[in-house]
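Encoded as structure tokens, the structure appears first; notes follow it.
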Amino acid sequence: MEIKHTAALQRIRQACMMGLPSRSVMPVVMRELKALIPSTCVQFTWSSKDGRLANFWSDTFLPRRTAWIILHRARYEADVGTNFRDLVLFGKPTGNARRWWDAGFEHSTTFQAAFKPYGYKWFLDGVVRDAQRPYGCVALIRRHDDPDFSVAEEDLLARVLPYLVHAIRGDAGVPALFVPTGQSAMLVCDAAGEAIEWSEKAHRLAAFAMLEEINCDEKIGRGDFERMRDGLVAVAQELGRRLACADCDGPMPQVELRNGWGAFVFRGYHLSGRATSSGGRIGILIEQSVPVEVKLLERVNGLDLSPRQKEIAMHCARGLSNSEIASHLGMSPHTLKDHFKAIYLRLEINSQRELVSLLDSALSAHPPLQGDVPLRLRA
């Protein structure tokens, strides 16, 4: 079991050291954390320097549930007995949520509105901060019919927190190259561009495509984020206009949006045989891509290499020179050369070129779609 934990912790460390935006890294890290500490739901909330809620991500992100919490945050804070600022600035490193239940949270308005409908109950939280500032809070959630989190699982979470500090402290801009994840979902819009049919997954993808930041200052309308709704209407109307002008035998029109969460392609489709700029419904397929480094990490983790060898392979595939790799990993050029020899022997290859070729399928990134983003949607 300890070997399994060590491997998972190493994968989390590698993801946090890639130098990518924390929004790109967090889904990877939370997926590994969920495997390390089995949970129904994992989520991360970013903090500003002064302890304000700055952003939010969850693997089961439900926009209307999150919107309810933002709209009623005073009620939420009263029911849990603390506020986000006090939690990230003064809370314990782990286990702050345990006292919610001692205080009767299960009978509160917040629990009945935002937790009970989804079967959520058991929480394990960890505060991410260093001596300079808070960075956020991670939460793992289990259903009411699952066991509570154990002391051993809380200790595992504590071992992850320093890696998260590193990932957020070195936050970067939007990556340049993305590759498909296979994540996609369909929604249906009316002639005005309003979504009239969509799955939970489509709702979630649309939210992350339109909202680069989700915080307590969000404007909420009809139980949803207004910026999300307005952005989706603009995309749907643009696709409707292009559909009305498109050649029936040509490719379906598309719009691409990019932010720290990834790249999102919206493809428009005719419904009921025909769409026009003044009427008719359109179907929109949302497809998500991630930074090429995220896909590359998956490929590297699939190799039969030691953790250190995987780090070297990762940096080599990303195009770093030997001197840059040695400097980044704090080793001498001679030691790095010995590591490469061991990698070649283990993988039965003979050069760095062959190593990169072995990982090449992860590096086939899609170039930007020039001129395909309406100006009104640019950040």
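The values are calculated or read from the model by the stated rules, or taken from the named source; none is laboratory data. Since we're looking at a predicted model, the values are computed, not measured. Every residue, glycine as well, gets a Cβ built from its backbone with ideal geometry; the counts of neighbours run over all protein chains shown. Please note that ligands, DNA and RNA were not included when accessible areas were found on the heavy atoms of the full protein model with its side chains. Shrake-Rupley method; radii C 1.70, N 1.55, O 1.52, S 1.80 Å.
Report Rg (one decimal) and Dmax (nearest whole number) for region 1-102, counting Cα atoms only, units Å.
For region 1-102, the Cα radius of gyration and maximum Cα-Cα distance read 15.4, 44 Å.
Ignoring ligands, DNA and RNA, what percent of the accessible area of region 53-95 is carbon or sulfur (1.4 Å)?
Carbon plus sulfur share of accessible area: 57 percent.
So how exposed is T66, as accessible area in Å² (1.4 Å probe, rounded to 10)?
Roll a 1.4 Å probe over it and T66 shows about 20 Å².
Quick check on the chain: take the gyration tensor over C-alpha atoms, sort the square-rooted eigenvalues as a ≥ b ≥ c, and tell me if it's rounded (a/c under 1.5), prolate or oblate.
Oblate, because a/c is 1.5 or more while a/b does not exceed b/c.
At 7 Å along the Cα-to-beta-carbon direction for both K341 and I196, put a label point, then send me their distance in nm to one decimal.
The two pseudo-label positions are separated by 7.0 nm.
If K219, K295 are ordered by their accessible area, calculated over protein heavy atoms with a 1.4 Å probe, which sequence runs from highest to lowest?
Values: K219 140, K295 60 Å².
Output order, biggest surface exposure first: K219, K295.
Quote the accessible area belonging to M18 in square angstrom, nearest 10, computed with a 1.4 Å probe and with ligands, DNA and RNA left uncounted.
Approximately 10 Å² of M18 is accessible to the 1.4 Å probe.
Sorting check: for 206-215, 21-30, 342-351, which peptide has the highest mean count of neighbouring beta carbons within 10 Å, and how do the rest follow? Present the calculation step by step, with values, prior to reporting the outcome.
Numbers: 206-215: 21.1, 21-30: 24.0, 342-351: 13.0.
The most tightly packed comes first, giving 21-30, 206-215, 342-351.
Given the DSSP H assignment, sum -39500 (n - 2.57) over each helix run of at least 4 residues in the chain and divide by its residue total; what's the result at 222 nm in deg cm²/dmol, nearest 500?
-13000 deg cm²/dmol, from helical runs alone.
With labels modelled as points extended 7 Å from the Cα through the Cβ direction, what inter-label distance (nm, one decimal) is found for H166 paired with R353?
3.3 nm
For region 198-227, list residues with backbone N below 19 Å from a point placed 7 Å from the Cα of N83 toward its Cβ?
215-219
Given a 10 angstrom Cα cut-off, can you work out which residue in R99, R281, R229 is the most mobile in a GNM of the chain?
R99
Note down the nm distance, to one decimal, between modelled labels 7 Å out along Cα→Cβ at H5 and at E298.
Roughly 2.8 nm, to one decimal.
If I compute solvent accessible area with a 1.4 Å probe over the protein chains, what percent of it on region 303-361 is carbon and sulfur?
That fraction is 49 percent.
Can you give the accessible area of E32, probe radius 1.4 Å, in Å² rounded to 10?
Ignoring ligands and nucleic acids, E32 comes out at about 40 Å².
State in Å² the accessible area per residue of the chain; use a 1.4 Å probe, count heavy atoms of protein chains only, and round to the nearest integer. Present the calculation step by step, with values, prior to reporting the outcome.
Numbers: 17930 Å² over 379 residues.
Heavy-atom SASA per residue in the chain reads 47 Å².
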